1. Run the numbers for Thr55 and Lys103: contour at 0.36 nm per residue of separation, minus the present Cα-Cα distance, in nm.
2. How far is it, in nm, from the label point at Asn66 to the one at Cys25 when both lie 7 Å from their Cα along the line to the Cβ?
3. At a Förster distance of 35 Å, what's the computed FRET efficiency of Leu76 paired with Asn112, Cβ-Cβ distance as r, to 0.05?
Amino acid sequence: RPPLVGSLRGVHNVGRSPVCGNSVCEAGEAAGGLASLFQSSPSAASFCLVDCPLTLHSCPAPKDSNHSCGGAGRCLITTGTCQCFALTQGPDCGECIQGAYRKNGQCTMLPNFIPIIT
């Protein structure tokens, strides 16, 4: 009987799936935010809290505020950092940008402020 002779033309649809419970946080296992924790069914969820624990962090508050990020920014709870809104800056959004002043916890632009560009 003659040997079979042929060639492999290609392999399609080959991929690696993450394995939950192997102590390795692989692509596709990390929770994509709090919304992913509330999927309609367990099979819809594609994260593994055993391998990729979700740790929530609080954000800092400026000294003149009881609110995280001073109410002038969005708290990114997965990192514990503030994403400041317009006119504010700093790790706790407690500082005003150049040309603005802080009054009652709010930053307001100075009237007739012209920035100096060097």
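1. Here the answer is 13.8 nm.
2. The two pseudo-label positions are separated by 3.4 nm.
3. Calculated value: 0.50.
Throughout, read-outs are computed from the coordinates displayed, never taken from laboratory work. Note that the coordinates shown come from a computational prediction; the quantities given were computed from them, not determined experimentally. Ideal geometry is used to build each Cβ from the backbone, glycine not excepted, and the neighbour counts take in all protein chains shown.
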